[in-house]
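J.: I'd like to ask some things about the structure below.
Quick note: the coordinates plus some simple rules give every number you see, no bench work behind them. Quick caveat, the model's predicted, so the values are computed rather than measured. In this analysis, Cβ positions are derived from the backbone assuming ideal geometry, glycine residues included, and neighbour counts consider all displayed protein chains.
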Amino acid sequence: MSDDDYIYDEATGEWRPASEIAAAKAAQNVVRDASGTVLSDGDSVVLIKDLKVKGAGQTLKQGTVIKTIRLTDNPEEIDCRHDAIKGLVLRTEFVRKR
């Protein structure tokens, strides 16, 4: 075995196989909506709550459909576009997969 096969895990203080650490990181980055359904790039979502949009002076109403979402590095946020608002970032706790 080579040294590249194991990575030092600072959380546990142990040397662990690289494949095991990669699998653990992939499991942490799963993005889920308010009901627990897994979201992926390109999905459509529906708002489950009225949301006031900062800086736009507008409120997105419950039931508004947001098409073609993009996942971010943060599993609690999604990047999306709305007709009137460009560069909109929504928290996953306020959306449900359509």
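J.: Just list whichever of Lys49/Lys86; Lys25/Lys49; Lys52/Lys97; Lys25/Lys52; Lys25/Lys61 have alpha carbons separated by over 25 Å in the model shown.
T.: Lys25/Lys49; Lys25/Lys52; Lys25/Lys61
J.: Going by C-beta contacts inside 10 Å, put Val31, Val46, Val38, Val95 in order with the fewest on the left.
T.: With the sparsest Cβ surroundings first, the list reads Val38, Val46, Val31, Val95.
J.: Give me the angle, in degrees from 0 to 90, between the Cα long axis of helix 18-28 and the longest principal axis of the Cα atoms of the chain, rounded to the nearest 10.
T.: 20 degrees
J.: What is the pair-distance distribution P(r) of the chain, computed from all Cα-Cα distances in 10 Å bins starting at 0, with each bin given as a whole percent?
T.: Final binned percentages: 14, 38, 20, 15, 11, 2.
J.: Another question, if that's okay. What's the magnitude of the charge dipole for the chain around its Cα centre, counting Lys and Arg as +1 and Asp and Glu as -1 at the beta-carbon? Answer in Debye, nearest 20.
T.: Taking the Cα centre of the chain as origin, the dipole is about 1120 debye.
J.: Mind checking which aspartates and glutamates have their Cα closer than 16 Å to the Cα of Lys67? Skip sequence neighbours fewer than 8 apart in that chain.
T.: Asp33, Asp41, Asp43, Glu77, Asp79, Asp83
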